[in-house]
Amino acid sequence: MRNFGNVALGLLGAAALAKAASDVHDLKKDTFMPFVEEHDLVLAEFFAPWCGHCKALAPEYEEAATTLKEKDIALAKIDCTEEAELCQSYGVEGYPTLKVFRGPNNVSPYSGQRKAQAIVSYMTKQGMPAVSVIDKDTIEDFKTADKVVLVGYFAADDKTSNETFGSVASGLRDSFLFGATSDAALAKAEGVKQPAIVLYKTFDEGKNTFEETFDKTAIEQFAKTSSTPLIGEVGPETYAGYMAAGLPLAYIFAETPEERDELAKTLKPLATKHKGKVNFATIDAKAFGQHAGNLNLEAGKWPAFAIQETAKNQKFPFDQSKKMTEKNIGKFVDDFLAGKVEPSVKSEPIPEKQEGPVTVIVAKNYEEIVMDDNKDVLVEFYAPWCGHCKALAPKYEELAALYADNPSYSKRVTIAKVDATLNDVPDEIQGFPTIKLFRAGDKSSPVDYSGSRTIEDLAKFVKENGSHKVDAYADADESMAEARDQTDMPHQAPAATKAATEAAEAATDSVKSGVKESIKSVVTEAAAAVKTAIADSDMDAGEDHHDEL
């Protein structure tokens, strides 16, 4: 018994020590603000214990916290199931939400990847000035401070170059480290003439030099192009970067590392030839083979090759019956760049008849419905397997009915949906459901919806952001006005007129009552939706993503 007690105490002591050893600070409402005020730089994670994504992040976050502790950068976490008010005050709507604090009044979203190395790299950049001043004693260490760094070589009195470089650094500080030196001897040793920029990297040729006119756009493009490996690898940590690069992405699907390496060597001359025009990357067909279907390739038939035009989300699959040689792929890429390859379009059949208030979109009628310049079109991009989409479906139907059942509104607003797993759409959809409003007269700039998925909030979004400013909940008042303004009816006996008026008012009361009941039902449904979202998160941590990347 005594031994058991000692063992138990030992285990409790070990558990307490493990907890105390964590370098992630667990904050509450009363400790959060003092902590943020005390530290110059804080990364805060707002999480829920049941969230699958949060569980996956936890060990990475702990590792990053230990590394960043040496740099005096603090990592903290807040349990939103216990500190709901604090989380709401910072607009937390999903988990995990990460925010960077530079004092209580300077808050920005964390936009890096959720891996320890990526968190360390991102926060290290946040802890440094936009441009670090370097000299002969620090330049060698700075060159290897991150996978990619940019060093500007220009004279101290070259105000224009300094300002342009500083502006670029401020805009791209989340992605790269920037340094600058006015030491002419360092420029000479590097083999460049002032003004110049050298991008140092830990891959490919090791560095690239920019000696063109110091134009902000040109420098930004140089940084993005030169920092991308000739043939990289597409995965969860790199996918978003490739999508944001603004260049077509050529995928090389293969099952084994050896085969991917061999194909990379074979196609490297093409990647070199088309650098700055097309990005090339291998992808693990075993782990991410399902993504081939998104590119209109036949999954399971490897190796395979396809080009995705990221700007328009167009897909150009290479004929899988042909061998992937440098010559065959080279001709395909040349023809693609010359506009000689037609994009592959995946589409369900156009519905013979639209049933229900929600308009069904497929790829073949997307342009006709969404780009109707006379109407505000709210589009839900969904996946049939998505639990959140299923929870939204009945509310989305009710929302659509508010407009479809009113002839005046239906002429100006369309509520629509499209299965983005079976239909190619122009936009790259990162998660499900994604909701966008395509405004009348301004179809080139759709507005993303990021609010809560209630009927009232969605209707408010359409009213505030749509070109027509249609208020779906003004229907009851308009019904009363229309009932009283029926001047084109034949004259009736007073009793008949009175009866008609009473009937109209009764109908209006019914409409108002219906609206109230609808609002009441939404409150009831909200609790169920929360439970569904929780179950979805635990069931499949990756379910909300457009694909497994």
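Some observations on this one:
- Residues of segment 113-161 satisfying the condition of being more than 15 Å from Ala187 (Cβ to Cβ), open to solvent by 10 Å² or more (accessible area, probe 1.4 Å), touching a residue at least 40 places away in the same chain (Cβ under 8 Å) and among the small types (Gly, Ala, Ser): Ala118, Gly127, Ala130, Ser132
- Single residue of segment 379-393 satisfying the filter (touching a residue at least 24 places away in the same chain (Cβ under 8 Å) and small (Gly, Ala, Ser)) that is surrounded by the fewest Cβ atoms within 10 Å (Cβ to Cβ): Gly387
- Counting only residues that are surrounded by fewer than 17 Cβ atoms within 10 Å (Cβ to Cβ) and closer than 20 Å to Ala264 by Cα, segment 216-228 holds 0 of them.
- Lys463 being outside any loop (DSSP other than H, G, I, E, B), open to solvent by less than 30 Å² (accessible area, probe 1.4 Å) and either at pLDDT 95 or above or not polar (S, T, N, Q) (or both): no
- Residues (buried (at least 17 other Cβ atoms within 10 Å of the Cβ) and closer than 13 Å to Ala287 by Cβ) located in segment 239-266: Tyr239, Phe253, Ala254, Arg260
- Pairing each residue of segment 424-442 that is of a type in the set (S, T, N, Q) and outside any loop (DSSP other than H, G, I, E, B) with any residue that is surrounded by 17 or more Cβ atoms within 10 Å (Cβ to Cβ) and at pLDDT 95 or above, provided the two are 6+ apart or on different chains, yields C-beta distances under 8 Å for Thr434/Glu380; Thr434/Phe381.
- The conditions of being open to solvent by 10 Å² or more (accessible area, probe 1.4 Å), under 25 Å from the mean Cα position of the chain (by Cα) and without any contact (Cβ under 8 Å) to a residue 60 or more places away in the chain are met by Lys286.
- Residue that is farthest from Pro357 (Cα to Cα), among those in segment 409-423 that are of a type in the set (A, V, I, L, M, F, W, C) and touching a residue at least 60 places away in the same chain (Cβ under 8 Å): Leu422
- Restricting Lys315, Lys268, Lys277 to residues that are under 23 Å from the mean Cα position of the chain (by Cα), among the basic types (Lys, Arg) and within 30 Å of Phe222 (Cβ to Cβ) narrows the list to Lys315.
- Restricting Val362, Val370 to those that are touching an Asp or Glu at 6+ places or on another chain (Cβ under 6 Å) and more than 26 Å from Ile231 (Cβ to Cβ) reduces the list to Val362.
- Enumeration of residues in segment 218-257 that are of a type outside the set (Gly, Ala, Ser) and more than 23 Å from the chain's Cα centre (by Cα): Ile219, Phe222, Leu230, Ile231, Ile252, Phe253, Glu255, Thr256, Pro257
- Taking segment 205-215 as the range and being over 15 Å from Ser167 (Cβ atoms), exposed (fewer than 13 other Cβ atoms within 10 Å of the Cβ) and of a type in the set (Asp, Glu) as the test, the residues that pass are Glu205, Glu212.
- Only one entry in Thr202, Thr164 is closer than 30 Å to Ala118 by Cβ, open to solvent by 70 Å² or more (accessible area, probe 1.4 Å) and touching a residue at least 24 places away in the same chain (Cβ under 8 Å), namely Thr202.
- Among the residues making up segment 394-411, those that are surrounded by fewer than 18 Cβ atoms within 10 Å (Cβ to Cβ) and touching an Asp or Glu at 6+ places or on another chain (Cβ under 9 Å) are Pro394, Asp405, Ser408.
- Qualifying residue in segment 398-406 (condition: within 24 Å of the chain's Cα centre (by Cα) and not in a loop (DSSP other than H, G, I, E, B)): no
- Qualifying residue in segment 176-194 (condition: surrounded by fewer than 18 Cβ atoms within 10 Å (Cβ to Cβ), in contact (Cβ under 8 Å) with a residue 40 or more places away in the chain and closer than 23 Å to Lys115 by Cα): no
- In this structure, Thr164 qualifies as among the β-branched types (Val, Ile, Thr), at pLDDT 95 or above and assigned to a helix (DSSP H, G or I).
- Some residue of segment 428-436 being modelled with pLDDT of 95 or more, under 21 Å from the mean Cα position of the chain (by Cα) and either open to solvent by 10 Å² or more (accessible area, probe 1.4 Å) or over 30 Å from Gly293 (Cα atoms) (or both): yes
The values are calculated or read from the model by the stated rules, or taken from the named source; none is laboratory data. Given the structure is predicted, the values throughout are model-derived calculations rather than measurements. Cβ: placed from backbone, ideal geometry, glycine included. Neighbour counts: every protein chain shown. Remember, those area values only see protein heavy atoms, side chains included, never the ligands or the DNA or RNA. Shrake-Rupley method; radii C 1.70, N 1.55, O 1.52, S 1.80 Å.
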